[in-house]
Amino acid sequence: MSDSAPQGPLSRLTVLDLSRVRAGPHAVRQLADWGARCIKIEMPRKAAALGDSLGEDRNGPDFQNLHRNKQSLTLDLKHPKGKEVLLKLVERADVLIENYRPKVKDRLGIDYNTLRAINPRLVYASISGFGQTGPYADRPGFDQIAQGMGGLMSVTGFPGQGPVRAGIPVADLSAGLYCALGIMIALFQRETTGQGQWVQTSLLQAQIAMLDFQAVRWLMKRERPAQAGNDHPTIIPTGTFRCKDGYLNIGTSGQDIFDRLCRAIEAPELARNPAFATSTSRSRNRTLLNASISAKLPDSTVAHWVEVLNAAGVPAGPVLSIDQVFDDPQVKHIGMAQPLEHKTLGAINLLGPGVKLGAHEFKIRTGSPEPGEHSDAILRAIGYDDAQINALRTAGTI
């Protein structure tokens, strides 16, 4: 569908992005980053409603990071000609991602069954707040609501302080990642069946899935996890400890590492103390144990203890602010700050991916597009001539 197909492992894929806000665009970005041709479909300026992406700071960090490596087509799907354009795109697309409320796509006539009839190979991915069906299906979705309903806020924070949201939009981001994973699974199955399918996730479903062992503690043993602050819920001692110049994270798992910790901080008496003899007793007496460890650390720096503990085979690291994270030599080595020469912003850095491929070097190709920047090229690729494109623009369809 393009004269200049992007390079990358997914470059043979064409993805239509009908999503907004974060979860959907985050899913699309996973595909765009690895070369898929992702067309961000957004409202024309004259038709853009309050809250549409056109009201966001397109040159701001969040927008640039979410929508890099994508193309933009402005299209009013409420206009008959706009829907006609979309259906022509669907004929040739591999994937469509949307995060409308369930009834909206039915009202627009762009639901899965309708588009499947046009292109049976289409992988149609939906992200919603609570699911496509069920008692909450028509509720609006929002990350913090899902964090609360999905249990995360009940296990985040210090005991007794009340619910605490995570410092990042966990439900949005995990829904986007699960959606991208589901799409790749469906595409892989399509290699065998020749058929696409409907991939569904929701903020609530993704958030509960991310509870992982905390959820299974309840499901299997009827243990209701509680807030544990910086302690690990079940593995003690694991948490933050004050040193001379900041906070140190220590992680122990199992008796051997606990014994190493006691030797490294010159506190062999802790290993001999019956109150700390087993994992269960250490968990039960965590307050006393943490205080005993803390008493050994404050006269030396975080860097000193990181070196001593890691040399002893005890997992340990500093607690860094975001600026310190990107100054860390290991973070620089793994390339988490990715450079981009932006057409208007100049030299900027965006966030690197969470995975590395040995046979393909990751590189951000383009910053986020301007609204409708690629409209003409996209329309020409599916058969529209200049006169037809001008007519669509005059009518406000694009």
query: Over the stretch 11-136, what number does the Rg to Rh ratio reach, with both radii from the alpha-carbon atoms and Rh per Kirkwood?
result: 0.94
- request: Compute the Rg to Rh ratio over the chain from the alpha carbon atoms, using the Kirkwood formula for Rh, and round to two decimal places.
  value: 1.06
Amide H contacts of Ser202 (H built 1.01 Å from N, under 5 Å, at least 5 apart or other chain): Ser128
message: Averaged across orientations, what area in nm² does the convex hull of the alpha carbons in the stretch 146-294 project?
response: 12.4 nm²
query: Considering amide H positions built from the backbone, and no H for Pro or chain starts, which residues 5 or more places from Leu351, or on another chain, come under 5 Å of its amide H?
result: Gln338
- prompt: In bins 5 Å wide, starting from 0, what share of all Cα pairs of the stretch 238-319 does each bin hold, as a percent?
  reply: 3, 16, 29, 29, 16, 6, 0
Cβ-based exposure ranking for Leu177, Leu122, in which fewest neighbours within 10 Å come first: Leu177, Leu122
message: To make sure I understand the rule: partners must be lysines, Cα under 25 Å from the Cα of Lys105, and not fewer than 8 residues away in the same chain. Which ones qualify?
response: Lys40, Lys46, Lys70, Lys78, Lys81, Lys83, Lys88
- prompt: With a 10 Å Cβ neighbour count serving as the proxy for reagent exposure, in which order, fewest first, do Ser300, Ser321, Ser128, Ser375 appear?
  reply: Ser321, Ser300, Ser375, Ser128
- request: Enter the Cα centre distance for the pair the stretch 356-398 and the stretch 146-200, rounded to the nearest angstrom.
  value: 29 Å
message: Taking the beta-carbon count within 10 Å as an exposure proxy, list Tyr247, Tyr100 from fewest neighbours to most.
response: Tyr247, Tyr100
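Laboratory data are not the source of any read-out in this text; all were calculated from the coordinates shown. Just so it is clear, the model here is predicted, and its values are computed rather than measured. Cβ sites come from the backbone with ideal geometry, for glycine too, and all protein chains shown count toward neighbours.
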